[in-house]
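Visitor: Here's a structure for you.
The values are calculated or read from the model by the stated rules, or taken from the named source; none is laboratory data. From a predicted model like this one, the values you see are computed outputs, not experimental measurements. Neighbour counts run over all protein chains shown; Cβ positions are idealised from the backbone, glycine included. Each accessible area value is taken on the protein alone, full model and side chains, heavy atoms only, with ligands, DNA and RNA left out. Shrake-Rupley method; radii C 1.70, N 1.55, O 1.52, S 1.80 Å.
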Amino acid sequence: MKKSFRTICTIGFFLGTLSSAEAQIGSKLKGILGQLETTSEDTSKSVNQASSDTQEVTKTEANNAVKQTLGNGLQASIKMLAAKDGYLGDAAVKILMPQEAQKVEEALRAVGMGSLCDQFITSMNRAAETAVNEAGEVFVNSLSKMTINDAYTILLSGQQDAATSYFKASTTSELTQRFSPVIESAMGENNVSDYWTQLTSAYNKLPLSSKVESNLTAYVTQKAIDGLFVKVADQELKIRNNLGGSRSTDLLSKVFGWADKQK
């Protein structure tokens, strides 16, 4: 149980200075998390007044702690990916050629057209960086619907990726709907289709080549979402290892301390 809780609660790390767009998302997350402040203050008093060896954690306290860490960590993940090169500069989430187009890339690089491939890859990643801010609203909605039992189940599930799995299950469908039109628009602004046309036209002129087609909007959308959850999982990992003083409030210290004893 220790491992599962620390996995979950690791989500709340690395909240930095926000851009204006991110600040709007941050304020909404804070609006949800703000309801927890009174409970957190009350819990702080009880923690300071009682021995940590005898402290018990209620479902409400666990719920508040999970939501605090989730809200901060989700915002941190979005912030990192929305920055320039958030996708492109990170090998773990960088969007590469679709599998069916890798033979195109290989053939074109072999004949000195690597720069065209690079432009296409860059344009897909720029589209993802533009779209990822849409995740803020979706996560806000998911957090607001999380029940006390949901949070407690996440806390004690025994799964190291319990929080990430929860958000995958509760947000992927809506994320796809929200990302798709933004990705499509951003791909137009970043000339993805133009680069794709140039790539496939050049490839189709090569001897013995076969026509290649791909639904680029669906591909980039899915890869953008996949990359987002990679970052959410990274936040879980940081908290699971208790890096950077993640138990930053009395409430978190109490809940983390209790979870440490549950293994």
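Visitor: If the requirement is being surrounded by 18 or more Cβ atoms within 10 Å (Cβ to Cβ), closer than 28 Å to residue 102 by Cβ and either in contact with a His (Cβ under 6 Å, 6 or more places away or on another chain) or not basic (Lys, Arg) (or both), which of these qualifies: 130, 171, 197, 176?
Guide: Going through 130, 171, 197, 176 in turn, the sole match is 130.
Visitor: While we're looking at this one, here's another question. Scan region 219-263 residue by residue and report those that are more than 25 Å from residue 133 (Cβ to Cβ) and among the charged types (D, E, K, R).
Guide: 240, 247, 250, 254, 260, 261, 263
Visitor: Just name the residue that is farthest from the chain's Cα centre (by Cα) out of those in region 199-236 that are of a type in the set (S, T, N, Q) and at pLDDT 80 or above.
Guide: Here the residue is 217.
Visitor: Cβ-Cβ distance below 7 Å, separation of 6 or more or different chains: which pairs start in region 71-96 with a residue that is within 14 Å of residue 130 (Cα to Cα) and end on one that is part of a loop (DSSP other than H, G, I, E, B) and small (Gly, Ala, Ser)?
Guide: 79/16; 80/86
Visitor: Next up: Please pick out the residue among 108, 81 that is open to solvent by less than 20 Å² (accessible area, probe 1.4 Å), modelled with pLDDT under 90 and assigned to a helix (DSSP H, G or I).
Guide: 108
Visitor: Let me ask you something else. Search region 221-238 for residues being hydrophobic (A, V, I, L, M, F, W, C) and closer than 15 Å to residue 126 by Cα, and hand back the single one that is surrounded by the fewest Cβ atoms within 10 Å (Cβ to Cβ).
Guide: 225
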